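Let me begin by presenting the structure, written as C-alpha coordinates, before commenting on it.
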Amino acid sequence: MVDFTDRVAVVTGAGGGLGRAHALLLAELGAAVVVNDLGGSVDGTGGGSSAADAVVAEIEAAGGAAVAEYSSVSNPDGGGAIVQKAIEEFGRIDVVINNAGILRDKSFAKMTAEEVESVLDVHLRGAFYVTRAAFGHMREQAYGRVVVTSSGSGLFGNFGQANYGAGKAGLIGLMNVLAIEGAKYNISVNAVAPIATTRMTEGLLDAVADLRDAFNPAQVSPAVAYLASEECALTGEIWSVGGGTVSRVFIGLAPGYAKKPAEGPITIDDVVANVDQIRSTDGYTIPATSTDEFAKIVPQLTS
Ligand code: NAI
(Lines give C-alpha, C1' and ligand atoms only; values in the text may rest on other atoms or scores of the structure.)
Protein backbone atom coordinates (compact mmCIF):
# COMPACT_ATOMS: atom_id res chain seq x y z
CA MET A 1 0.00 0.00 0.00
CA VAL A 2 1.57 3.28 -1.12
CA ASP A 3 1.35 5.78 1.70
CA PHE A 4 2.43 9.43 1.83
CA THR A 5 1.65 10.07 5.51
CA ASP A 6 4.14 12.65 6.90
CA ARG A 7 5.42 13.37 3.38
CA VAL A 8 5.27 16.86 1.90
CA ALA A 9 4.81 17.34 -1.84
CA VAL A 10 5.02 20.31 -4.16
CA VAL A 11 2.98 20.04 -7.35
CA THR A 12 3.60 22.88 -9.79
CA GLY A 13 0.83 24.01 -12.10
CA ALA A 14 -1.64 22.20 -9.85
CA GLY A 15 -4.53 24.64 -10.31
CA GLY A 16 -6.07 22.53 -13.08
CA GLY A 17 -5.61 19.65 -15.52
CA LEU A 18 -2.99 17.04 -14.68
CA GLY A 19 -1.43 18.93 -11.76
CA ARG A 20 -4.79 19.16 -9.98
CA ALA A 21 -5.32 15.40 -10.41
CA HIS A 22 -1.81 14.65 -9.07
CA ALA A 23 -2.36 16.94 -6.06
CA LEU A 24 -5.72 15.37 -5.24
CA LEU A 25 -4.32 11.83 -5.36
CA LEU A 26 -1.19 12.64 -3.33
CA ALA A 27 -3.35 14.33 -0.67
CA GLU A 28 -5.74 11.37 -0.65
CA LEU A 29 -2.74 9.10 -0.04
CA GLY A 30 -1.74 11.20 2.97
CA ALA A 31 0.70 13.82 1.67
CA ALA A 32 0.55 17.48 2.66
CA VAL A 33 0.54 19.30 -0.68
CA VAL A 34 1.72 22.71 -1.85
CA VAL A 35 -0.63 23.52 -4.71
CA ASN A 36 1.39 25.89 -6.88
CA ASP A 37 -0.22 27.73 -9.78
CA LEU A 38 0.01 31.25 -11.12
CA GLY A 39 -3.43 30.86 -12.67
CA GLY A 40 -2.65 31.99 -16.21
CA SER A 41 -4.06 30.92 -19.57
CA VAL A 42 -2.67 28.13 -21.75
CA ASP A 43 -0.19 30.52 -23.37
CA GLY A 44 1.05 31.65 -19.96
CA THR A 45 -0.52 35.13 -20.01
CA GLY A 46 -2.67 36.46 -17.19
CA GLY A 47 -2.79 35.13 -13.68
CA GLY A 48 -4.72 34.87 -10.45
CA SER A 49 -5.07 32.95 -7.23
CA SER A 50 -8.45 31.28 -7.78
CA ALA A 51 -7.21 28.13 -9.58
CA ALA A 52 -4.81 27.09 -6.81
CA ASP A 53 -7.28 28.16 -4.10
CA ALA A 54 -10.03 25.98 -5.59
CA VAL A 55 -7.82 22.87 -5.55
CA VAL A 56 -6.75 23.54 -1.95
CA ALA A 57 -10.44 23.84 -1.02
CA GLU A 58 -11.16 20.51 -2.74
CA ILE A 59 -8.34 18.78 -0.88
CA GLU A 60 -9.40 20.25 2.46
CA ALA A 61 -13.04 19.33 1.87
CA ALA A 62 -11.89 15.72 1.38
CA GLY A 63 -10.02 15.85 4.69
CA GLY A 64 -6.54 16.41 3.28
CA ALA A 65 -3.85 19.01 3.97
CA ALA A 66 -2.84 21.58 1.35
CA VAL A 67 -1.69 25.15 0.92
CA ALA A 68 -1.84 27.38 -2.16
CA GLU A 69 1.21 29.07 -3.68
CA TYR A 70 1.04 31.45 -6.64
CA SER A 71 4.64 32.02 -7.81
CA SER A 72 5.83 31.40 -11.32
CA VAL A 73 8.23 28.48 -11.62
CA SER A 74 10.03 30.32 -14.40
CA ASN A 75 12.61 32.20 -12.32
CA PRO A 76 14.91 31.35 -9.39
CA ASP A 77 12.93 33.45 -6.90
CA GLY A 78 9.70 31.68 -7.80
CA GLY A 79 11.30 28.25 -7.48
CA GLY A 80 12.70 29.22 -4.09
CA ALA A 81 9.39 30.65 -2.84
CA ILE A 82 7.47 27.49 -3.82
CA VAL A 83 9.81 25.21 -1.86
CA GLN A 84 9.99 27.71 1.03
CA LYS A 85 6.19 27.48 1.29
CA ALA A 86 6.48 23.73 1.90
CA ILE A 87 9.11 24.25 4.60
CA GLU A 88 7.17 27.04 6.32
CA GLU A 89 3.77 25.35 6.26
CA PHE A 90 4.68 21.70 6.65
CA GLY A 91 8.31 21.65 7.84
CA ARG A 92 9.91 19.64 5.04
CA ILE A 93 9.93 18.78 1.33
CA ASP A 94 9.95 15.19 0.10
CA VAL A 95 8.37 15.26 -3.34
CA VAL A 96 8.53 17.67 -6.28
CA ILE A 97 6.19 17.09 -9.21
CA ASN A 98 7.32 19.46 -11.98
CA ASN A 99 4.12 19.80 -13.97
CA ALA A 100 3.58 23.51 -14.77
CA GLY A 101 3.45 24.17 -18.48
CA ILE A 102 2.39 26.51 -21.27
CA LEU A 103 2.12 26.37 -25.07
CA ARG A 104 3.23 28.84 -27.75
CA ASP A 105 2.84 26.67 -30.85
CA LYS A 106 4.05 27.99 -34.20
CA SER A 107 5.68 26.45 -37.25
CA PHE A 108 9.45 26.76 -36.88
CA ALA A 109 9.94 29.39 -39.62
CA LYS A 110 7.49 31.72 -37.86
CA MET A 111 8.58 31.09 -34.27
CA THR A 112 9.94 34.16 -32.46
CA ALA A 113 12.73 34.28 -29.89
CA GLU A 114 10.15 35.29 -27.27
CA GLU A 115 8.09 32.17 -28.05
CA VAL A 116 11.17 30.02 -27.54
CA GLU A 117 12.28 31.74 -24.33
CA SER A 118 8.90 31.82 -22.59
CA VAL A 119 8.31 28.11 -23.21
CA LEU A 120 11.80 27.04 -22.13
CA ASP A 121 11.47 29.30 -19.06
CA VAL A 122 8.40 27.47 -17.76
CA HIS A 123 9.13 23.86 -18.74
CA LEU A 124 12.89 23.46 -18.59
CA ARG A 125 14.18 26.29 -16.42
CA GLY A 126 11.06 26.02 -14.22
CA ALA A 127 11.82 22.39 -13.36
CA PHE A 128 15.45 23.36 -12.81
CA TYR A 129 14.64 26.21 -10.38
CA VAL A 130 12.03 24.37 -8.31
CA THR A 131 14.04 21.15 -8.10
CA ARG A 132 17.26 22.99 -7.25
CA ALA A 133 15.53 24.77 -4.37
CA ALA A 134 14.36 21.40 -3.02
CA PHE A 135 17.50 19.41 -3.74
CA GLY A 136 19.56 20.71 -0.80
CA HIS A 137 16.80 19.78 1.66
CA MET A 138 16.49 16.36 0.05
CA ARG A 139 20.24 15.75 0.29
CA GLU A 140 20.26 16.72 3.97
CA GLN A 141 17.43 14.35 4.83
CA ALA A 142 18.78 11.67 2.43
CA TYR A 143 15.38 11.32 0.82
CA GLY A 144 13.66 12.84 -2.17
CA ARG A 145 11.39 12.00 -5.07
CA VAL A 146 11.29 14.19 -8.17
CA VAL A 147 9.09 13.72 -11.22
CA VAL A 148 9.41 15.83 -14.35
CA THR A 149 6.69 16.11 -16.98
CA SER A 150 8.05 15.48 -20.43
CA SER A 151 5.96 14.91 -23.54
CA GLY A 152 5.73 12.78 -26.64
CA SER A 153 6.24 16.07 -28.49
CA GLY A 154 9.80 16.15 -27.18
CA LEU A 155 10.48 12.41 -27.14
CA PHE A 156 9.08 11.70 -30.59
CA GLY A 157 8.34 15.11 -32.17
CA ASN A 158 5.20 17.03 -33.12
CA PHE A 159 4.61 19.65 -35.80
CA GLY A 160 4.62 23.26 -34.60
CA GLN A 161 6.23 22.61 -31.23
CA ALA A 162 9.97 23.23 -31.74
CA ASN A 163 10.09 25.34 -28.54
CA TYR A 164 7.95 22.97 -26.47
CA GLY A 165 9.60 19.81 -27.84
CA ALA A 166 13.05 21.17 -27.06
CA GLY A 167 12.02 22.00 -23.50
CA LYS A 168 10.34 18.63 -22.97
CA ALA A 169 13.35 16.71 -24.33
CA GLY A 170 15.66 18.95 -22.30
CA LEU A 171 13.88 17.75 -19.17
CA ILE A 172 15.12 14.23 -19.97
CA GLY A 173 18.70 15.50 -19.93
CA LEU A 174 18.04 17.24 -16.61
CA MET A 175 16.50 14.03 -15.23
CA ASN A 176 19.40 11.85 -16.40
CA VAL A 177 21.99 13.96 -14.60
CA LEU A 178 19.94 14.52 -11.43
CA ALA A 179 19.22 10.78 -11.22
CA ILE A 180 22.98 10.16 -11.13
CA GLU A 181 23.75 13.02 -8.72
CA GLY A 182 20.83 12.15 -6.45
CA ALA A 183 21.46 8.40 -6.22
CA LYS A 184 23.74 8.42 -3.19
CA TYR A 185 21.27 10.63 -1.28
CA ASN A 186 18.26 8.39 -1.99
CA ILE A 187 16.84 11.02 -4.33
CA SER A 188 15.14 9.54 -7.38
CA VAL A 189 14.23 11.48 -10.50
CA ASN A 190 11.87 10.10 -13.12
CA ALA A 191 9.83 11.45 -16.02
CA VAL A 192 6.31 10.97 -17.31
CA ALA A 193 5.08 11.73 -20.80
CA PRO A 194 1.34 12.10 -20.19
CA ILE A 195 -1.60 12.00 -22.56
CA ALA A 196 -4.80 13.51 -21.15
CA THR A 197 -7.78 15.65 -22.03
CA THR A 198 -7.08 19.06 -20.50
CA ARG A 199 -7.49 22.63 -21.73
CA MET A 200 -4.01 22.21 -23.24
CA THR A 201 -5.13 19.36 -25.50
CA GLU A 202 -8.60 20.77 -26.26
CA GLY A 203 -9.85 19.14 -29.47
CA LEU A 204 -6.71 17.05 -30.03
CA LEU A 205 -8.20 13.81 -28.76
CA ASP A 206 -11.53 14.22 -30.58
CA ALA A 207 -10.46 11.54 -33.08
CA VAL A 208 -10.95 8.99 -30.32
CA ALA A 209 -14.21 10.45 -28.97
CA ASP A 210 -15.24 7.10 -27.45
CA LEU A 211 -12.16 7.16 -25.27
CA ARG A 212 -12.42 10.82 -24.23
CA ASP A 213 -13.37 9.91 -20.68
CA ALA A 214 -10.62 7.29 -20.46
CA PHE A 215 -8.07 10.02 -21.10
CA ASN A 216 -9.12 12.13 -18.13
CA PRO A 217 -6.13 13.50 -16.15
CA ALA A 218 -6.77 11.26 -13.13
CA GLN A 219 -5.70 8.32 -15.31
CA VAL A 220 -2.13 9.69 -15.27
CA SER A 221 -1.83 10.38 -11.53
CA PRO A 222 -1.42 6.80 -10.18
CA ALA A 223 1.81 6.31 -12.15
CA VAL A 224 3.06 9.75 -11.07
CA ALA A 225 2.24 9.01 -7.42
CA TYR A 226 4.03 5.65 -7.63
CA LEU A 227 7.17 7.26 -9.06
CA ALA A 228 6.96 9.85 -6.25
CA SER A 229 6.61 7.24 -3.51
CA GLU A 230 9.04 5.67 -1.06
CA GLU A 231 8.05 2.26 -2.46
CA CYS A 232 9.52 3.14 -5.85
CA ALA A 233 13.28 2.61 -6.09
CA LEU A 234 13.44 3.34 -9.82
CA THR A 235 15.33 6.36 -11.09
CA GLY A 236 16.04 7.88 -14.49
CA GLU A 237 13.05 6.26 -16.16
CA ILE A 238 10.57 7.71 -18.63
CA TRP A 239 7.00 6.45 -18.56
CA SER A 240 4.37 7.20 -21.18
CA VAL A 241 1.07 7.41 -19.29
CA GLY A 242 -2.52 7.98 -20.37
CA GLY A 243 -5.98 6.54 -20.85
CA GLY A 244 -5.22 3.62 -18.55
CA THR A 245 -1.89 2.72 -20.20
CA VAL A 246 1.56 2.94 -18.58
CA SER A 247 4.62 2.10 -20.73
CA ARG A 248 8.33 2.61 -20.48
CA VAL A 249 10.04 4.84 -23.04
CA PHE A 250 13.81 4.42 -23.21
CA ILE A 251 16.96 5.56 -24.93
CA GLY A 252 18.96 2.51 -25.93
CA LEU A 253 22.35 1.86 -27.43
CA ALA A 254 22.60 -0.75 -30.18
CA PRO A 255 25.83 -2.64 -30.96
CA GLY A 256 26.02 -1.00 -34.40
CA TYR A 257 29.13 -1.23 -36.52
CA ALA A 258 32.65 -1.33 -35.05
CA LYS A 259 35.95 -1.19 -36.94
CA LYS A 260 38.83 -2.28 -34.73
CA PRO A 261 41.94 -0.06 -34.60
CA ALA A 262 44.01 -2.85 -36.23
CA GLU A 263 41.75 -2.55 -39.31
CA GLY A 264 42.60 1.14 -39.76
CA PRO A 265 40.55 4.31 -39.26
CA ILE A 266 36.86 4.31 -40.06
CA THR A 267 36.12 5.91 -43.44
CA ILE A 268 33.03 7.41 -45.01
CA ASP A 269 32.91 4.34 -47.26
CA ASP A 270 32.70 2.15 -44.13
CA VAL A 271 29.74 4.20 -42.92
CA VAL A 272 27.97 4.02 -46.28
CA ALA A 273 28.55 0.26 -46.57
CA ASN A 274 27.25 -0.41 -43.05
CA VAL A 275 24.24 1.89 -42.66
CA ASP A 276 21.89 -1.04 -42.06
CA GLN A 277 24.09 -2.47 -39.31
CA ILE A 278 24.58 0.98 -37.76
CA ARG A 279 20.82 1.49 -37.63
CA SER A 280 19.85 -1.98 -36.44
CA THR A 281 18.37 -1.98 -32.94
CA ASP A 282 19.02 -5.71 -32.43
CA GLY A 283 20.82 -6.43 -29.19
CA TYR A 284 20.41 -2.93 -27.75
CA THR A 285 21.15 -2.15 -24.12
CA ILE A 286 20.13 0.80 -21.96
CA PRO A 287 23.23 2.54 -20.55
CA ALA A 288 22.77 3.86 -17.01
CA THR A 289 25.22 6.73 -17.53
CA SER A 290 27.49 8.08 -20.27
CA THR A 291 30.38 6.27 -18.57
CA ASP A 292 28.38 3.08 -18.94
CA GLU A 293 27.90 3.89 -22.63
CA PHE A 294 31.68 4.20 -23.01
CA ALA A 295 32.18 0.94 -21.12
CA LYS A 296 29.86 -0.82 -23.57
CA ILE A 297 31.65 0.57 -26.64
CA VAL A 298 35.26 -0.17 -25.66
CA PRO A 299 34.98 -4.01 -25.70
CA GLN A 300 33.74 -3.85 -29.30
CA LEU A 301 37.14 -2.42 -30.25
CA THR A 302 39.29 -4.69 -28.12
CA SER A 303 37.65 -8.11 -27.99
P1 NAI B 1 -3.04 22.82 -18.05
O2 NAI B 1 -2.92 24.05 -18.87
O3 NAI B 1 -4.38 22.41 -17.61
O4 NAI B 1 -2.11 22.88 -16.77
C5 NAI B 1 -0.92 23.58 -16.70
C6 NAI B 1 -0.94 24.39 -15.43
O7 NAI B 1 0.34 25.02 -15.26
C8 NAI B 1 -1.98 25.50 -15.48
O9 NAI B 1 -2.83 25.41 -14.35
C10 NAI B 1 -1.15 26.78 -15.49
O11 NAI B 1 -1.76 27.88 -14.82
C12 NAI B 1 0.12 26.32 -14.78
N13 NAI B 1 1.27 27.16 -15.09
C14 NAI B 1 1.65 27.61 -16.31
N15 NAI B 1 2.75 28.36 -16.22
C16 NAI B 1 3.10 28.36 -14.90
C17 NAI B 1 4.17 28.95 -14.19
N18 NAI B 1 5.11 29.70 -14.82
N19 NAI B 1 4.24 28.75 -12.85
C20 NAI B 1 3.30 28.02 -12.22
N21 NAI B 1 2.26 27.45 -12.85
C22 NAI B 1 2.16 27.61 -14.18
O23 NAI B 1 -2.38 21.65 -18.95
P24 NAI B 1 -2.06 20.11 -18.60
O25 NAI B 1 -2.41 19.35 -19.80
O26 NAI B 1 -2.62 19.73 -17.30
O27 NAI B 1 -0.46 20.16 -18.53
C28 NAI B 1 0.30 19.76 -17.40
C29 NAI B 1 1.68 19.36 -17.86
O30 NAI B 1 1.61 18.18 -18.66
C31 NAI B 1 2.39 20.40 -18.71
O32 NAI B 1 3.76 20.45 -18.41
C33 NAI B 1 2.18 19.89 -20.11
O34 NAI B 1 3.16 20.38 -21.00
C35 NAI B 1 2.29 18.41 -19.87
N36 NAI B 1 1.74 17.56 -20.91
C37 NAI B 1 0.38 17.45 -21.06
C38 NAI B 1 -0.12 16.60 -22.03
C39 NAI B 1 -1.58 16.36 -22.15
O40 NAI B 1 -1.96 15.45 -22.93
N41 NAI B 1 -2.43 17.08 -21.46
C42 NAI B 1 0.75 15.90 -22.98
C43 NAI B 1 2.15 16.04 -22.69
C44 NAI B 1 2.61 16.86 -21.70
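The values are calculated or read from the model by the stated rules, or taken from the named source; none is laboratory data. Nothing here was measured: the structure is a model prediction, and the numbers come from that model. Every residue, glycine among them, receives a Cβ derived from its backbone with ideal geometry; neighbour counts consider all protein chains shown. Heads up: the accessible areas ignore ligands, DNA and RNA and are worked out on the full protein's heavy atoms, side chains in. Shrake-Rupley method; radii C 1.70, N 1.55, O 1.52, S 1.80 Å.
Pop the C-beta distance of Lys110 and Ser280 into the FRET formula with R0 = 30 Å and round what comes out to the nearest 0.05.
Computed FRET efficiency for Lys110 and Ser280 comes out at 0.20.
Which of the peptides 262-271, 29-38 is most tightly packed, and how do the rest follow, going by the mean number of other Cβ atoms within 10 Å of each residue?
29-38, 262-271
Enter the Cα centre distance for the pair region 110-128 and region 256-303, rounded to the nearest angstrom.
With region 110-128 and region 256-303 each reduced to a Cα centre, they are spaced 36 Å.
Let me have the relative contact order for the chain, percent, based on Cα pairs under 8 Å that are six or more residues apart.
So the answer I get is 15 percent.
Just Gly152, Gly48, Gly79 to compare: in a GNM of the chain, with alpha carbon springs under 10 Å, which one fluctuates most?
Fluctuation is largest for Gly48.
For Asp270 and Ala65 in one chain, what is 0.36 nm times their gap in residues minus the Cα-Cα distance, to one decimal in nm?
Going from the current span to full extension adds 67.5 nm.
Hey, any idea what % of the chain's accessible area is carbon plus sulfur with a 1.4 Å probe?
After summing per-atom areas, the C and S share lands at 56 percent.
In Å, what Kirkwood hydrodynamic radius results for region 8-249 from the alpha-carbon pair distances?
17.5 Å
Report, in whole Å, the centroid distance computed from the Cα atoms of region 16-34 and region 40-60.
Taking the Cα centre of region 40-60 as reference, the centre of region 16-34 is 14 Å away.
Based solely on C-alpha atoms, express the radius of gyration and the Dmax of region 167-291 in angstrom.
Spelled out, the Cα radius of gyration and Dmax of region 167-291 are 19.9, 61 Å.
What full-extension length gain, to one decimal in nm, is calculated for Asp206 and Asp43 as 0.36 nm per residue of separation minus the Cα-Cα distance?
Gain on stretching Asp206 to Asp43: 56.6 nm.
Please list the equivalent ellipsoid semi-axes of region 11-146, computed as the square roots of five times the alpha-carbon gyration tensor eigenvalues, in descending order and whole angstrom.
Semi-axes, largest first: 26, 18, 11 Å.
Please arrange Lys259, Lys168, Lys106, Lys184 by accessible surface area, largest first, computed with a 1.4 Å probe and ligands excluded.
Lys184, Lys106, Lys259, Lys168
Compute the normalised compactness of region 261-302: alpha-carbon radius of gyration over 2.2 N^0.38 Å, N being the residue count.
Cα Rg divided by the expected 2.2 N^0.38 Å: 1.36.
How do the peptides 88-100, 50-62 rank, highest first, by the average count of neighbouring beta carbon atoms within 10 Å per residue?
Answer by packing, highest mean first, reads 88-100, 50-62.
Kindly report the accessible area of the chain per residue (heavy atoms of protein chains, probe 1.4 Å, no ligands, DNA or RNA), in Å².
For the chain, the solvent-accessible area averages 49 Å² per residue.
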